[in-house]
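J.: Attaching a single structure in structure tokens format; questions to follow.
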Amino acid sequence: MTRKFPFELEEQIRKEYKPGINGYKKLSKKYGLRRDLVRLWILKKPNTQYQEILLNKEEKDELKRLKKELKYLRDANMYWKNYAELLQQDISESKKKDEKSKLSKNQKKMEPES
């Protein structure tokens, strides 16, 4: 069986493939190939550098920035959760103290003067 398409085309399609963005259907239309053939080429050779093909330099930089931002936001979220818990504890303790002081004032009022 002779090969109808050059290997370079197969490699080019693998490089351009990005699931959900530049998928089988889009690539098959772009190059005038059957969708099944494009899918076969992409699935035929397992790609150990899958992430390298999926992301260009700008996308990698953006991913790195977003990971940093996500870590920062998670840390900030944890900080504010802890702060809210401390405030809630402080409020609870203040309420208990207020209730105790009200009780002690009421008890003093009820005690007969001697």
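The values are calculated or read from the model by the stated rules, or taken from the named source; none is laboratory data. All values derive from a computational prediction rather than experimental measurement. Cβ atoms come from the backbone with ideal geometry, glycine included; neighbour counts cover every protein chain shown.
J.: Just a yes or no: is a residue in region 97-105 in a helix (DSSP H, G or I) and either modelled with pLDDT of 90 or more or in the same structural domain as residue 4 (by TED's automatic domain parsing) (or both)?
T.: Residues of region 97-105 that are in a helix (DSSP H, G or I), as a first pass: 97-105.
Filter once more, keeping what is either modelled with pLDDT of 90 or more or in the same structural domain as residue 4 (by TED's automatic domain parsing) (or both): none.
No, because not a single residue in region 97-105 is in a helix (DSSP H, G or I) and either modelled with pLDDT of 90 or more or in the same structural domain as residue 4 (by TED's automatic domain parsing) (or both).
J.: Can you tell me which of (1) at pLDDT 90 or above; (2) surrounded by 15 or more Cβ atoms within 10 Å (Cβ to Cβ) is the one residue 17 doesn't meet?
T.: The failed condition is (1).
J.: I've got another one for you. Being charged (D, E, K, R), at pLDDT 95 or above and on the phi < 0 side of the Ramachandran plot: is that true of residue 69 here?
T.: For residue 69, the condition - charged (D, E, K, R), at pLDDT 95 or above and on the phi < 0 side of the Ramachandran plot - is met.
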